[in-house]
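Trainee: I'd like to ask you about the structure that follows.
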Amino acid sequence: MRVPTAQFHITKGTPKRFVAQADSGNEIARAFCGDCGTPLYVQVETRPDVVGLRVCTLDDPGWFRPEADIFVKSAQPWEPVDAAVPRYPEYPPGKSYPVAEDR
């Protein structure tokens with residue numbers, strides 16, 4: 001789920017980060033707990049104003065309802081499918097992060 005960076009705060013500890021190049025060519029930083037390895041959030045260089053918070057970090061993730069399944073081209077065959085949720089092989093058209101201009 002996307003959260004504005006201004007409303008996102010780490011309350012305990014310092015996450016470890018792994019930085020890689022996304023399929024879009026943009027740099028993506030994945031943050032995780034350095035003690036247990038739980039994925040925490042992602043951040044794309046072209047959208048420093050947004051943090052992609054991992055739902056598994058919520059105390060009660062039961063209220064969360066996805067708007068879409070993305071990157072289903074790489075989904076495993078055993079992955080559950082909710083017919084009520086739109087599926088996209090990559091980012092939905094018009095919803096993707098822009099590609100960095102300075103490459």
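None of the figures in this text is laboratory data; all of them are computed from the coordinates on show. Here the structure is a predicted model, which means the values were calculated and not measured. Here Cβ is always computed from backbone atoms with ideal geometry, including for glycine, and neighbour counts include all displayed protein chains.
Condition check ((1) of a type in the set (Val, Ile, Thr); (2) in contact (Cβ under 8 Å) with a residue 60 or more places away in the chain; (3) within 25 Å of PRO89 (Cβ to Cβ)) across all residues:
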{"site": "PRO4", "(1), (2), (3)": "no, no, no"}
{"site": "PHE8", "(1), (2), (3)": "no, no, no"}
{"site": "THR11", "(1), (2), (3)": "yes, no, no"}
{"site": "PHE18", "(1), (2), (3)": "no, no, yes"}
{"site": "GLY25", "(1), (2), (3)": "no, yes, yes"}
{"site": "CYS36", "(1), (2), (3)": "no, no, no"}
{"site": "LEU40", "(1), (2), (3)": "no, no, no"}
{"site": "PRO48", "(1), (2), (3)": "no, no, no"}
{"site": "ASP59", "(1), (2), (3)": "no, no, no"}
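Trainee: Same structure again: Which of the residues that make up the stretch 1-47 are over 23 Å from PHE71 (Cα atoms) and touching a strand residue (DSSP E or B) at 6+ places or on another chain (Cβ under 6 Å)?
Mentor: THR5, PHE8, PRO15, LYS16, GLY34
Trainee: How many residues are surrounded by 11 or more Cβ atoms within 10 Å (Cβ to Cβ), of a type in the set (Asp, Glu) and not in a strand (DSSP E or B) when one looks only at the stretch 24-60?
Mentor: 1
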